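Since the structure comes first, as C-alpha cells, the remarks are kept for the end.
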Amino acid sequence: MTDTAPSLADAFNQFFELVPANTDALRDVVYRIRYQVYCHELHFENEADFPDGRELDEFDAHSVHCLLRHRPSGEFAGCVRLVLNKSSSNEPQLPLERHCRDSLDNTIIDFSKLDRSTFGELSRLAIVGRFRRRPGEAKTAHGVSEEAVSLTPSERRVFPHIALGLYLASATISLKRGMKMVVVMMEPRLARHMRYFGIHFVQAGDIVDYHGQRGPFFITSDSLLQHMKPEVKALLSMVSSQLTVPTTPSPTDV
C-alpha cells in the first residue's frame with residue numbers, strides 16, 4: 001500500500017451505502033435479512049416461529065432501522081436497529097431489560113434514574129453470510145473476528161468494516177435524536193474490537209449465555225466523540241452524510 005491509499009471513510013463509501021429503512025418495503029428487507037441470519041444461518045431463533053420468512057418482534061414497532069447496501073452488487077449486506085423507549089415510564093421497554101435484566105449492575109447503570117428519552121438500545125445487528133465469510137466470522141451475526149485487529153494500518157484503511165459502519169449508523173441516529181447514551185448486549189470480543197477504533201463501550205453487568213457469551217454494555221455520546229480515532233471520526237461524518245433522510249420509528253402495526 002502507498003500513502004495515497006484511500007481513507008477508511010473513502011474506502012467504505014466506495015463499497016457501501018447506508019440506507020434508512022423508513023418504508024414498509026425497506027423494513028421488510030430488514031426482517032428478511034434477520035430471518036436469514038438469525039434463523040436460517042445461525043439458528044439463534046426457531047425458523048418455524050416465523051413462517052413468512054421475516055424475523056421481527058414487539059420492539060420493532062418502536063425502533064429506527066437502517067440497512068447497509070453493497071454498491072457494486074446492489075445487494076443489502078446487513079441491518080441494525082436502534083430501539084427507542086416508548087415513554088418516560090420506568091417499565092422495561094428495551095430488549096436488554098427483557099432478556100438480561102438480572103445481569104445488570106445497577107451501581108454502574110440504573111435505568112430507573114435516567115430520562116428514557118435520552119437513551120436507546122442498539123440491537124439486531126445482522127450481516128448476511130457472504131459478507132462475513134472470513135475465518136472465524138461465520139458463526140457471528142456481526143461478522144467480527146479477532147483477526148481484524150491484526151491487519152496492518154494500510155489494510156485496515158482499505159477494508160470496509162461492515163459491523164463498524166452499522167454501529168456508526170446507530171450512533172448517527174442516536175446523535176441526531178439528541179440522545180446521551182446507547183446500550184447494547186454484545187460479546188466481550190466485539191467490545192474489544194470496537195475499543196481498537198477508540199469506541200469505548202463500558203461493561204455494565206455480568207456476561208451471560210444468550211446466543212453465545214454476551215453482556216450489557218453502554219457508551220455515552222461524550223465518550224464516543226472524545227475517544228474515537230480521527231479516521232473513524234471521518235467515517236462517522238461520512239455515515240452521517242449518507243443518513244440525511246429523517247429517521248422515525250416503525251409504525252405500530254408491523
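The values are calculated or read from the model by the stated rules, or taken from the named source; none is laboratory data. Owing to the predicted nature of the structure, the values given are computational and were not obtained by experimental measurement. Using ideal geometry, Cβ is built from the backbone for each residue, glycine included, and neighbour counts are taken over all protein chains shown. Just the protein is used for accessible areas: all its heavy atoms, side chains included, with ligands, DNA and RNA removed. Shrake-Rupley method; radii C 1.70, N 1.55, O 1.52, S 1.80 Å.
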Is there any pair linking a residue in the range 44-55 that is free of Cβ contacts under 8 Å to residues at least 12 places away in the same chain to one that is in a helix (DSSP H, G or I) and surrounded by 13 or more Cβ atoms within 10 Å (Cβ to Cβ), with Cβ under 6 Å and at least six apart or on different chains, and which?
-> Glu45/Tyr38; Glu45/Cys39
Subset of the range 33-69, residues more than 27 Å from Lys86 (Cβ to Cβ) and surrounded by 14 or more Cβ atoms within 10 Å (Cβ to Cβ), comes to Gln36, His40, Glu41, Leu42, Arg69
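If a residue must be at pLDDT below 70 and exposed (fewer than 14 other Cβ atoms within 10 Å of the Cβ), how many such residues does the range 117-137 contain? It would help to see each step written out before you state the result.
Applying the first criterion (at pLDDT below 70) to the range 117-137 yields 133-137.
So of that shortlist, the ones also exposed (fewer than 14 other Cβ atoms within 10 Å of the Cβ) come out as 133-135.
Adding up the residues that qualify gives 3.
Out of the residues in the range 199-230 meeting the condition of being of a type in the set (D, E, K, R) and open to solvent by 60 Å² or more (accessible area, probe 1.4 Å), tell me which one is farthest from Ile109 (Cα to Cα). Spell out the reasoning first.
Taking the range 199-230 and keeping what is of a type in the set (D, E, K, R), we get 206, 209, 214, 222, 229.
Subset that is open to solvent by 60 Å² or more (accessible area, probe 1.4 Å): 206, 209, 222, 229.
Details: Asp206: 13, Asp209: 21, Asp222: 16, Lys229: 26 Å.
Across the range 199-230, the extreme among qualifying residues is Lys229.
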Pairs with Cβ under 7 Å, 6+ apart, first in the range 4-26 and part of a strand (DSSP E or B), second among the hydrophobic types (A, V, I, L, M, F, W, C) and surrounded by fewer than 16 Cβ atoms within 10 Å (Cβ to Cβ) | Pro20/Val245
Looking at (1) at pLDDT 95 or above; (2) in a loop (DSSP other than H, G, I, E, B); (3) within 15 Å of the chain's Cα centre (by Cα), which is the only condition Thr140 fails?
-> (1)
Might you check whether a residue that is at pLDDT below 90, open to solvent by less than 10 Å² (accessible area, probe 1.4 Å) and in a helix (DSSP H, G or I) occurs anywhere in the range 109-116?
-> no
Can you name the condition, by its number, that Pro72 falls short on among (1) open to solvent by less than 60 Å² (accessible area, probe 1.4 Å); (2) not in a helix (DSSP H, G or I)?
-> (1)
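For the range 237-246, does any single residue satisfy the condition of being crowded, with 16+ Cβ neighbours inside 10 Å, farther than 23 Å from Cys66 by Cβ and touching a residue at least 12 places away in the same chain (Cβ under 8 Å)? Don't jump to the end; show me each part of the working.
Step one: of the range 237-246, the residues crowded, with 16+ Cβ neighbours inside 10 Å are 238-240, 242-243.
If we keep only those that are farther than 23 Å from Cys66 by Cβ too, we end up with none.
Within the range 237-246, not a single residue is crowded, with 16+ Cβ neighbours inside 10 Å, farther than 23 Å from Cys66 by Cβ and touching a residue at least 12 places away in the same chain (Cβ under 8 Å).
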Quick check, is Asp60 under 20 Å from Val182 (Cβ atoms) and touching a residue at least 40 places away in the same chain (Cβ under 8 Å)?
-> yes
Picking from Pro188, Pro230, which residue would you name as being touching a strand residue (DSSP E or B) at 6+ places or on another chain (Cβ under 9 Å) and not β-branched (Val, Ile, Thr)?
-> Pro188
Residues that are at pLDDT 95 or above and either open to solvent by less than 10 Å² (accessible area, probe 1.4 Å) or under 15 Å from the mean Cα position of the chain (by Cα) (or both), drawn from the range 178-198 = Met181, Val182, Val183, Val184
What are the residues in the range 185-228 that are in a strand (DSSP E or B) and without any contact (Cβ under 8 Å) to a residue 12 or more places away in the chain, if any?
-> Asp209
Open to solvent by 40 Å² or more (accessible area, probe 1.4 Å) and either at pLDDT 95 or above or more than 17 Å from the chain's Cα centre (by Cα) (or both), is that true of Glu17?
-> no
